[in-house]
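Q: Submitted below is the structure of interest, expressed as structure tokens.
The values are calculated or read from the model by the stated rules, or taken from the named source; none is laboratory data. Note that the structure is a prediction, hence the values are computed from the model and not measured. Glycine also receives a Cβ, built like all others from the backbone with ideal geometry; neighbour counts cover every protein chain displayed.
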Amino acid sequence: MIVGGLIGVVVLATSGPAAGPAQTVVAREMAYVPIEVKGVVGRPVTIQLKNEGLLEHDFNVLGIRASGVKAVDAGVSSAHGSAHGSAPEAVHVAAGPGKTSTLTFTPLVAGEFPVACSVPGHKEAGMVGTLTVTAE
Ligand SMILES: [Cu+2]
């Protein structure tokens, strides 16, 4: 006689709020397109920085508080003036010409935060934008 057993299958629900769709920002001399990106407090935001320019560009969100920051630079020279390391949760990513880099972070506060390219002269030339974070 064969005694059959039940095989239990446990499905683990992923915890945490759903991430929004990735937002692509094109960088070129000297602008972001679009100039505004959006987020929601407590939900992961993913930005793909697609550099269609001839120079290196980056994407820095200024003055925000965020957790879970992950930045994957692409095609960036070692001389890049990156904020990586100087501030563990700096919301910053960089891409070399023709490359696409990815930035993920979870905003902790609502508000409008300036975005700017930190390559010298680029912000002054108009390479700025806005991240608008709304409450859930
Ligand atoms: Cu730039």
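Q: Does region 84-102 contain any residue that is assigned to a loop (DSSP other than H, G, I, E, B), among the β-branched types (Val, Ile, Thr), under 16 Å from the mean Cα position of the chain (by Cα) and modelled with pLDDT of 95 or more? Before you say what the answer is, go through the steps one by one.
A: First, the residues of region 84-102 that are assigned to a loop (DSSP other than H, G, I, E, B): 84-90, 96-99.
From the residues that got through so far, the ones that are among the β-branched types (Val, Ile, Thr) too are none.
No, there is no match, as no residue in region 84-102 is assigned to a loop (DSSP other than H, G, I, E, B), among the β-branched types (Val, Ile, Thr), under 16 Å from the mean Cα position of the chain (by Cα) and modelled with pLDDT of 95 or more.
Q: Using the structure shown, decide if Lys50 is charged (D, E, K, R) and modelled with pLDDT of 95 or more.
A: Details: charged (D, E, K, R): yes; modelled with pLDDT of 95 or more: yes.
Criteria met by Lys50.
Q: Could you go through region 48-60 and let me know if any residue there is touching a residue at least 60 places away in the same chain (Cβ under 8 Å) and more than 10 Å from the ligand (Cβ to nearest atom).
A: no
Q: Given the structure, is His80 modelled with pLDDT of 95 or more, over 29 Å from Pro17 (Cβ atoms) and not hydrophobic (A, V, I, L, M, F, W, C)? Quick ask: steps written out before the conclusion?
A: Working: modelled with pLDDT of 95 or more: no; over 29 Å from Pro17 (Cβ atoms): yes; not hydrophobic (A, V, I, L, M, F, W, C): yes.
So His80 fails the test.
Q: May I ask you to list the residues in region 103-136 that are farther than 15 Å from His57 by Cα, modelled with pLDDT of 95 or more and more than 12 Å from the chain's Cα centre (by Cα)? Lay out the reasoning, then the answer.
A: Looking only at region 103-136, we keep the residues that are farther than 15 Å from His57 by Cα, and these are 104-114, 130-136.
Those still in the list that are modelled with pLDDT of 95 or more too: 104-114, 130-135.
Correct list: Leu108, Val109, Ala110, Gly111, Glu112, Phe113, Pro114, Thr130, Thr132, Val133, Thr134, Ala135.
Q: Say we look at region 27-47 and pick out the residues that are hydrophobic (A, V, I, L, M, F, W, C) and within 12 Å of the ligand (Cβ to nearest atom); which of these is surrounded by the most Cβ atoms within 10 Å (Cβ to Cβ)?
A: Ala27
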